[in-house]
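Data first, discussion second: the structure below is written as C-alpha cells.
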Amino acid sequence: MRWIVTGGAGFIGKNLAINLLKQHEEVVVVDKIPWNESGFEYIGIIDEFSDHFTYMQRDLTKIRDLDFSDWFSDAGDNIVVHLAAMSGIKECSDIPLSAFDINLKSTFLLLDGAVDHNISCFIFASSGAVVSGSPIERPSEITVPRTMNVYGSMKAAAEQLCRGFTAERQLNTAAIRFSNVYGPYSQHKTSVVHSFIRSALNKNPLVIHGDGQQTRDFVFVLDVVNAIIETGKFFRKGTGIFHVSSGVDTAILYGKTGAASLYDVVCEAVGEGEMAIEVVEQDPGVQNAPLNSEFSRYTLCIGDSTPLASGIKYTVNWYKENR
C-alpha cells in the first residue's frame, strides 16, 4: 500500500508515518513545511526505511502544487489520509478566509483529484467539534452535527463533501472524528496537555484557564494512529464516520470526587506531588462532552483506549528524551 499523508509533518502525521514505516508500508508525506524544518531528519526510522519514504513540500491551497501524478502509485492500493488543516478554534474564527482555503478548498481539491487515481480509501481527519453543541451527553457517530464555532462548522462541511463524492463519484471516504489528541512529537502544540507537560518539566507554573473545572476527552495519539491504519487497510464500504476517543470526561484541575484531573495525572507522571499554577482568563476551547466511540472500536477492531495515566507517562518520557 502507498499512504499519502497530507499535513504529515504535524504531530499526528509524524506518529502515523513512523508507525506505517514500522509496518513496512510506503509513505508519502505532503506538507507545506520545508524538509529542513519538518523535524523528520532527526527521526532515525526515516533513514532506516528511506526507500519507503518520500517527502513533498506542497501547498494544498495552490492548484499548481497539486500534480497528483507524482503522488499516487499506478499499482496497488493508494490511501489518502488528509490531516492538513488550520486546527485552532480561535485562529479559524480570526482569519476565516484562510481557514476556508486550508480546511475546505484543499479538501475539495484532494477529493476531486483522488477520483481520477487508484484511491482505495480517502480518510478525512475530522473533529469532535462537529457535535460539540449537541444536547446528547455522549454524542455517537449517528448524532446530528451541531457546531459551536467556525472550525467545527468547516469540519462538518468537509464531512459532507466526502459523503457527496462517495454518492456521486463512488469514492470510498471515511471521516474520523478525534477528541483532544496528545502524545509524542507534540513539542510545537499549545494544547493544555502539552503545555502542562512542558511547564512541569521546566519547573514553571501550570497555566489554568478559568476555574479549572472544564473538562476534555483526551485520547492518546497512538490510539488515533491505530484507528487510521485499520480504516485505511480495511474500509471499502462507501462512506463512514468513526469516533476515536477515550470516552472519559477529565477535568483540567478540579475533578469530580475520587476522579483524577489532568493536573493530578501530569504531576504524578513527572514525579511531583504538587506544582504551582497560574490562573488566567476563561478557557477559549470547546466545552465538549466525551465522544461515544463504542461503534467505531467494534467496527475497526481497535480495542479499548489507552488509560490517561499511561499515555501521559509515555508522553512525559518522550519529552525527557527529546529535550
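The values are calculated or read from the model by the stated rules, or taken from the named source; none is laboratory data. Given the structure is predicted, the values throughout are model-derived calculations rather than measurements. No Cβ is skipped: glycine too gets one built from the backbone with ideal geometry, and neighbour counts run over all protein chains shown. Surface accessibility is based on the protein's heavy atoms, side chains included, excluding ligands, DNA and RNA. Shrake-Rupley method; radii C 1.70, N 1.55, O 1.52, S 1.80 Å.
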Could you tell me what % of all Cα pairs in the stretch 27-84 have separations over 17 Å? 44 percent
Here the net charge surrounding residue 40, from other residues whose Cβ is less than 12 Å away from its Cβ (Lys, Arg +1; Asp, Glu -1), is -3
Counting other C-beta atoms within 10 Å, and keeping those with at most 12, which DSSP coil trypsin sites (Lys or Arg not before Pro) do you find in the stretch 192-294? 203, 236, 237, 256
Run lengths n ≥ 4 of DSSP H only: what is the helix-derived mean residue ellipticity at 222 nm for the chain, with -39500 (n - 2.57) per run over all residues, to the nearest 500? -10500 deg cm²/dmol
Can you pick out the pairs among 14/90; 203/320; 32/189 whose Cα atoms lie more than 21 Å from each other? 14/90
State the extension gain, in nm to one decimal, for the chain segment bounded by residue 211 and residue 278, taking 0.36 nm per residue of separation less the distance between their alpha-carbons. 23.0 nm
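Do any GluC sites (Glu not before Pro) in the stretch 135-231 lie in a DSSP loop with no more than 10 other beta carbon atoms within 10 Å, and if so, which? Can you show the working numbers first?
On the way: sites: 137, 141, 159, 168, 230; in loops: 137, 141.
Listed in order of number, the matching sites are 137.
Averaging sequence separations of C-alpha pairs under 8 Å and six or more residues apart, then dividing by the length of the chain, give the relative contact order as a whole percent.
Details: 625 pairs, mean separation 55.0, N = 323.
Value for the chain: 17 percent.
Compute the accessible area per residue over the chain, keeping the other protein chains in place, probe 1.4 Å, unit Å². Let's see the in-between values first.
Values: 14700 Å² over 323 residues.
Normalised by residue count, the accessible surface of the chain is 46 Å².
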Using alpha-carbon pairs under 8 Å, 6+ residues apart, how would you state the relative contact order of the stretch 1-113 in percent? 31 percent
When the C-alpha atoms of the stretch 98-202 are aligned to their principal axes, what extent does each axis show, in angstrom, from largest down? 52, 34, 26
